[in-house]
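The next block holds one structure in the form of structure tokens; read it before the comments.
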Amino acid sequence: MLSRTNGPFLIDLPNEWADSVLELLQDTYRNELVDASKVFEIYGQLYKGEVLVIASLVDATNEAAPATTYFASMDLADDADHTKLLEGLVDSIGAFFDQFFADSEWNDYQDMWKEEQFKGTKIYCKVTRENVGLTIKADRLLNQ
């Protein structure tokens, strides 16, 4: 399970939303991606009480290569402005990958959720080597 809270899964965020975030990241980091032969994969999910956004930087030529995956999560109240929450999570993805690409020796992976303040908002994040696309495919196969 990808969720931080282990709440019940509700829905995947729309493909149109994920595609727009993907396009933004691909445009922003175009040079870095070409130099490293990497591409982004974006996932968004809603759980009861939580919104989760995942940006996975994967090898463009080798699906089995370790990824760099940033998970960003926020608590979700029923009356919350979902658009504003998603914008905050996407901004945190950009802030993370700005740091990641700025330091060629970056290696600060943390597979435990960490609470942070980002632009005055409480978010939870973790950074792993997990290829989330493969995890999702495996989960679907196991649930068939």
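Some points to look at:
- For the chain, the fraction of alpha-carbon pairs in successive 5 Å shells from zero, as %: 2, 9, 19, 24, 22, 14, 7, 2, 0
- What a 1.4 Å probe finds exposed on the chain is 49% carbon and sulfur by accessible area, rounded to a whole percent.
- Considering all C-alpha pairs of segment 19-99, those separated by over 19 Å amount to 38%.
- Under Karplus coefficients 6.51, -1.76 and 1.60, residue-wise ³J(HN,Hα) of segment 118-124 in Hz, glycine/proline x: 10, 6, x, 10, 7, 10, 10
- Relative to the Cα centre, the charge distribution of the chain, modelled as +1 at Lys and Arg Cβ and -1 at Asp and Glu Cβ, gives a dipole magnitude of about 360 debye.
- Rounded to whole Hz, the Karplus (6.51, -1.76, 1.60) HN-Hα couplings of segment 16-24, x for glycine and proline: 4, 5, 4, 5, 5, 5, 4, 4, 4
- Candidate aspartates and glutamates - alpha carbon under 19 Å from Lys119, same-chain residues fewer than 8 apart omitted: Glu50, Asp75, Asp81, Glu87, Asp91, Asp98
- Checking every one of the GluC sites (Glu not before Pro) in segment 1-104 against DSSP loop status and a limit of 16 other Cβ atoms within 10 Å picks out Glu63.
- Full-stretch length increase - Phe118, Ser104 - with 0.36 nm per residue and alpha-carbon distance subtracted: 2.7 nm
- Å² per residue, accessible surface of the chain at 1.4 Å: 58
- Residues whose amide H comes within less than 5 Å of that of Tyr47, counting only those at least five positions distant or on another chain, are Leu10, Leu52 (H built at 1.01 Å from N in the peptide plane).
The values are calculated or read from the model by the stated rules, or taken from the named source; none is laboratory data. Keep in mind that this is a model prediction, so the values were computed, not measured. Positions of Cβ are backbone-derived with ideal geometry, glycine not excepted, and every protein chain shown enters the neighbour counts. With ligands, DNA and RNA removed, areas are computed over all heavy atoms of the protein, side chains included. Shrake-Rupley method; radii C 1.70, N 1.55, O 1.52, S 1.80 Å.
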